[in-house]
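S.K.: Sharing a structure with you now.
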């Protein structure tokens, strides 16, 4: 299992090897999409063609966020609630509010 650190808050999350690999693969695909958009701008591609690719990259990032949030709720949030740490609910609500901006 890998251990990811969040530098802003120093919290960690133990992820299974499968989850870790799955998330990194998705991010690599998104990174490729962003590089493709950059290339399109460098090559003076038509505006709407770039916008379509940006929309696809945004959708991929949103999908990544949904997957990560779902896993967070199933593991971190559920475990904290079981352990009587109800403040995790406020943290979750704040996270959801930020996602919905």
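S.K.: Quick test of your reading of the structure: residue 63 fulfils all but one of (1) exposed (fewer than 12 other Cβ atoms within 10 Å of the Cβ); (2) under 18 Å from the mean Cα position of the chain (by Cα). Name the failing condition by number.
M.R.: Going through (1) exposed (fewer than 12 other Cβ atoms within 10 Å of the Cβ); (2) under 18 Å from the mean Cα position of the chain (by Cα) one by one, residue 63 breaks only (1).
S.K.: Right, another one. Among the listed residues 62, 58, identify the single one that is within 22 Å of residue 29 (Cα to Cα) and at pLDDT below 95.
M.R.: 62
S.K.: Turning to a different aspect of this structure: Residues to consider are 52, 73; find the one that is farther than 28 Å from residue 12 by Cβ and assigned to a helix (DSSP H, G or I). Outline the logic, then answer.
M.R.: On the way: 73 fails: farther than 28 Å from residue 12 by Cβ.
Just a single option satisfies the conditions, and that option is 52.
S.K.: For the range 78-90, check the following and say yes or no: at least one residue is in a helix (DSSP H, G or I), in contact (Cβ under 8 Å) with a residue 40 or more places away in the chain and either touching a strand residue (DSSP E or B) at 6+ places or on another chain (Cβ under 8 Å) or surrounded by 13 or more Cβ atoms within 10 Å (Cβ to Cβ) (or both). Spell out how you get there, then give the answer.
M.R.: Initial filter on the range 78-90 (in a helix (DSSP H, G or I)): 78-82, 87-90.
Next cut, in contact (Cβ under 8 Å) with a residue 40 or more places away in the chain only: none.
There is no residue in the range 78-90 that is in a helix (DSSP H, G or I), in contact (Cβ under 8 Å) with a residue 40 or more places away in the chain and either touching a strand residue (DSSP E or B) at 6+ places or on another chain (Cβ under 8 Å) or surrounded by 13 or more Cβ atoms within 10 Å (Cβ to Cβ) (or both).
The values are calculated or read from the model by the stated rules, or taken from the named source; none is laboratory data. Note that the coordinates shown come from a computational prediction; the quantities given were computed from them, not determined experimentally. Cβ atoms come from the backbone with ideal geometry, glycine included; neighbour counts cover every protein chain shown.
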